Amino acid sequence: MSRAALLVLADGRFPAGGHAHSGGAEAAVEAGRIRDAASLEEFCRGRLHTAGLVAAALAAAAAAGCDPLALDEAADARTPVPALRHTARRLGRQMMRAARATWPSAELDALAAARPRGAHQPVVLGLAARSAGLDPLDAAGAAAYENVSGPATAAVRLLSLDPFDATAVLARLAAPLDRVAEQAVEAARRVPLEGIGALPAASAPLLDITAEQHAAWPVRLFAS
């Protein structure tokens, strides 16, 4: 296991396409729900415990060797709106390209062949972590971090927020992020005995609603 591989996977410069997505922050800024560092932290904290937890559990299960096709179906069931399903598969397709170039493996090749239009991003992330020799906790942590770092980075551009303030938000979320990653791994451990239903299905209805609205905007800075 290489900690350097985890740094590469979680690096915002890893060419997985995440820089083009705000994780719902653009719609939240437009609606006035994100106005400053404090409201950004509230938004990211809520996202961490809903979408972040679900993504972390899917990634942990994939890294643990669970069937990625079954996990992809589970991700679909946990993503009720078309806009977010499209985004998840688009990001998964881009991450698959980056992962196969970086850590080639037969498992990545098989998933790419089975899902040519893209598997859900957390599933691909978890399989990429597995191919890189990382463990489920690493995969869960990377997925959870991606779910909050995307909105924080986007807020800097959307609000001209001080980058130091945005980074401080992420630092304050470090302990909750660790707990979410541990919770995700514990759920993934139960999958072999209890089935895919052991994975969390936390929901964020407002993120779902605003994602559909955002997808219809004629002009937007971010793809989602």
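Any residue at all in the stretch 73-85 that's over 19 Å from Gly17 (Cα atoms), open to solvent by 50 Å² or more (accessible area, probe 1.4 Å) and either of a type in the set (A, V, I, L, M) or over 18 Å from the mean Cα position of the chain (by Cα) (or both)?
Yes, that holds for at least one residue.
Which count do you get for residues in the stretch 1-41 that are crowded, with 16+ Cβ neighbours inside 10 Å, within 18 Å of the chain's Cα centre (by Cα) and outside any helix (DSSP H, G or I)?
Number of matching residues: 7.
Show the residue pairs that are 6+ apart or on different chains and have beta-carbon atoms under 7 Å apart, the first residue being within the stretch 72-90 and closer than 11 Å to Val54 by Cβ and modelled with pLDDT of 95 or more, the second being part of a loop (DSSP other than H, G, I, E, B) and open to solvent by 60 Å² or more (accessible area, probe 1.4 Å).
Every condition considered, the pairs that remain are Arg78/Ala201.
Among Leu199, Leu193, Leu206, which is the only one that is touching a residue at least 60 places away in the same chain (Cβ under 8 Å) and on the phi < 0 side of the Ramachandran plot?
Values: Leu193 fails: touching a residue at least 60 places away in the same chain (Cβ under 8 Å); Leu206 fails: touching a residue at least 60 places away in the same chain (Cβ under 8 Å).
Among Leu199, Leu193, Leu206, only Leu199 is touching a residue at least 60 places away in the same chain (Cβ under 8 Å) and on the phi < 0 side of the Ramachandran plot.
Would you say Leu58 is in contact with a His (Cβ under 8 Å, 6 or more places away or on another chain) and assigned to a helix (DSSP H, G or I)?
So Leu58 fits the description; yes.
Output the number of residues of the stretch 104-141 satisfying the condition of being farther than 14 Å from Asp67 by Cα, surrounded by 15 or more Cβ atoms within 10 Å (Cβ to Cβ) and free of Cβ contacts under 8 Å to residues at least 40 places away in the same chain.
Here the count works out to 3.
The values are calculated or read from the model by the stated rules, or taken from the named source; none is laboratory data. Keep in mind it's a predicted model, so treat the numbers as computed, not measured. Note that each Cβ is placed from the backbone with ideal geometry, even for glycine, and that neighbours are counted across all protein chains shown. Surface areas here come from the heavy atoms of the whole protein model, side chains and all, with no ligands, DNA or RNA. Shrake-Rupley method; radii C 1.70, N 1.55, O 1.52, S 1.80 Å.
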